[in-house]
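*Asks:* Just passing along the structure, written as structure tokens.
The values are calculated or read from the model by the stated rules, or taken from the named source; none is laboratory data. Here the structure is a predicted model, which is why all the values come from computation and not from measurement. Cβ placement follows ideal geometry from the backbone for every residue including glycine, while neighbour counts extend to all protein chains displayed. With ligands, DNA and RNA removed, areas are computed over all heavy atoms of the protein, side chains included. Shrake-Rupley method; radii C 1.70, N 1.55, O 1.52, S 1.80 Å.
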Amino acid sequence: MKRFLTSVAIVALMTSAPALAHSDRKLEQALAGADGVALKQYRQVSLYSQLANVYAWIGDHDKARDLLQSASQASAGLGGYLRDDSLAALANEQASTGDFAGALARMAEIDDTDARVKLGLKLVSKLAKADRKAEAQALLDDIRAQVETVTEQHRRIELLTGTGAAYKALAPEQGRPLVTEALRLARATAMDDHDRVVLFNEIGANLIDVGLRDQAIALFAEAGKLGATLGNPLERAQSFAMLGGERAEKGERDAAAEALEEGVKAALKVASAVNRDAVLSELARNFGQSRRFERGLEVAGLIADPAHRAEGHIRIAKNMARSNREAEARTLLGRTEILAGTIDAAHDRAVILRKLAAEWAGLKDNTKARTLLDRALTENAG
């Protein structure tokens, strides 16, 4: 499970400075230095790109193309890392619609190595799933060469382990040396304990990707012990949320639930309401991933902010549907749609409506999905 900043979390960054995974810090810094116009453009790129993905999913490819064009226009006014991150979002959605040539051309426009590599790894996975494995292998070879040019150790560790994991779709054994080298560096490099826990969690998941499950389980246990020593409640909660998410994604659901319970204990001690709601939302989502639906809903009920609560509900509903509890998933999605109406910011309402639309599309209710997508566009325009 890769950590990422949700659109709601991006808003939170404007008013607080929560501890973040290292890979988010460039974005945090770029957002902190952005003016109102740039921030709005960046949000529009993200929303339009994701709306395009769901419109394409339900078969409206013309609307998807129009939205990607709108996103491209919005990105034109951005500079620096916000530009590169926006180009990566656009390219990723282009690839999701099957336009690999356009995605690769856009990737070539990205200046930042980290943004370019992380996008490239997503494209490798998409190419492999599309049975274009020779192209995937060639792109992965190129990415590996780019990673070798990175000398700053923390960045190098993240990029090495991610690149190694990408071999899962091609030849997992070829990725093992990269992931194990990342682990060696993570142990040897000076860093604070929170950063080390984040890396251990990520590398643990990647060890499973390349077929080294026993090593992964041992590393997860080590991450849990180290996470328990963190004095900052937010960092402790984040570390257990991430650990639980990684273990749930890899099928270790009982161990995941134990980690998530530790995360809840820590989260309730976080003083900042914004940060507390954000990490509780991640915990609720990962309880859903662990198939602990009732507990996930209890944790979501502790969240004051409706947008963060809605995100928790949506992930839980997704996993209910995957667990043959579709009727309950539909009921929860309906409740969450009502909750979305209580979100103050129009853009944030649109983001949640888009996520709801994706879940209805997954349930093969394209009519409902389209209604929500159209509402999201209307809300955002307002």
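*Asks:* State which residue pairs qualify: first residue within 13 Å of L230 (Cα to Cα) and at pLDDT 95 or above and inside region 253-266, second residue open to solvent by 30 Å² or more (accessible area, probe 1.4 Å) and in a helix (DSSP H, G or I) in any location, beta carbons under 8 Å apart, and separation of 6 or more residues or different chains.
*Replies:* Cβ pairs passing all conditions: E262/A228; E262/R236; G263/R236; A266/P233; A266/R236.
*Asks:* Residues that are within 23 Å of R325 (Cβ to Cβ) and polar (S, T, N, Q): does region 260-283 have at least one?
*Replies:* Yes: region 260-283 contains one or more residues that are within 23 Å of R325 (Cβ to Cβ) and polar (S, T, N, Q).
*Asks:* Determine whether region 143-160 contains at least one residue that is in contact with a Gly (Cβ under 9 Å, 6 or more places away or on another chain), open to solvent by 40 Å² or more (accessible area, probe 1.4 Å) and part of a loop (DSSP other than H, G, I, E, B).
*Replies:* Checked against the condition, which is being in contact with a Gly (Cβ under 9 Å, 6 or more places away or on another chain), open to solvent by 40 Å² or more (accessible area, probe 1.4 Å) and part of a loop (DSSP other than H, G, I, E, B), region 143-160 yields no hits at all.
*Asks:* Could I ask something else about it? So, in region 97-123, exactly how many residues are open to solvent by less than 60 Å² (accessible area, probe 1.4 Å) and under 17 Å from the mean Cα position of the chain (by Cα)?
*Replies:* 8
*Asks:* Having 3 or more residues that are under 26 Å from N206 (Cα atoms), modelled with pLDDT of 90 or more and of a type in the set (D, E, K, R) is the bar; report the helices (runs of 4 or more DSSP H) wholly within region 1-116 that clear it.
*Replies:* 80-96
*Asks:* Step by step: first the residues of region 329-344, then only those that are open to solvent by 30 Å² or more (accessible area, probe 1.4 Å) and touching a Leu at 6+ places or on another chain (Cβ under 9 Å), then the one that is farthest from E282 (Cα to Cα). Which residue is that?
*Replies:* R330
*Asks:* Of the residues A166, A218, which is small (G, A, S), in a helix (DSSP H, G or I) and loosely packed, with under 15 Cβ neighbours inside 10 Å? Don't jump to the end; show me each part of the working.
*Replies:* Details: A166 fails: loosely packed, with under 15 Cβ neighbours inside 10 Å.
Every option except A218 fails the conditions.
*Asks:* Could you list all residues from region 316-328 that are at negative phi and open to solvent by 50 Å² or more (accessible area, probe 1.4 Å)? Can you show your working first?
*Replies:* Filtering region 316-328 down to residues at negative phi leaves 316-323, 325-328.
Correct list: K318, R322, R325, E326, A327, E328.
*Asks:* Answer with yes or no whether L297 is within 23 Å of W360 (Cβ to Cβ) and either open to solvent by less than 30 Å² (accessible area, probe 1.4 Å) or free of Cβ contacts under 8 Å to residues at least 40 places away in the same chain (or both).
*Replies:* Details: within 23 Å of W360 (Cβ to Cβ): yes; either open to solvent by less than 30 Å² (accessible area, probe 1.4 Å) or free of Cβ contacts under 8 Å to residues at least 40 places away in the same chain (or both): yes.
It is true that L297 is within 23 Å of W360 (Cβ to Cβ) and either open to solvent by less than 30 Å² (accessible area, probe 1.4 Å) or free of Cβ contacts under 8 Å to residues at least 40 places away in the same chain (or both).
*Asks:* Name the residue, out of R354, R292, R309, R325, that is of a type in the set (D, E, K, R) and closer than 23 Å to Y48 by Cβ.
*Replies:* Just a single option satisfies the conditions, and that option is R354.
*Asks:* Consider only pairs whose beta carbons are under 6 Å apart and that are at least six residues apart or on different chains; among these, list those whose first residue lies in region 235-249 and is of a type in the set (K, R) and whose second residue is part of a helix (DSSP H, G or I) and open to solvent by 20 Å² or more (accessible area, probe 1.4 Å).
*Replies:* Filtered contacts from region 235-249: R247/A255.
*Asks:* With the condition kept exactly as written, say whether any residue in region 191-200 is modelled with pLDDT of 95 or more, buried (at least 17 other Cβ atoms within 10 Å of the Cβ) and either within 16 Å of K250 (Cβ to Cβ) or polar (S, T, N, Q) (or both).
*Replies:* The answer is yes; a qualifying residue exists.
*Asks:* Taking the criterion of being under 25 Å from A273 (Cα atoms) and touching a Gly at 6+ places or on another chain (Cβ under 7 Å), would at least one residue in region 327-334 satisfy it?
*Replies:* No: zero hits.
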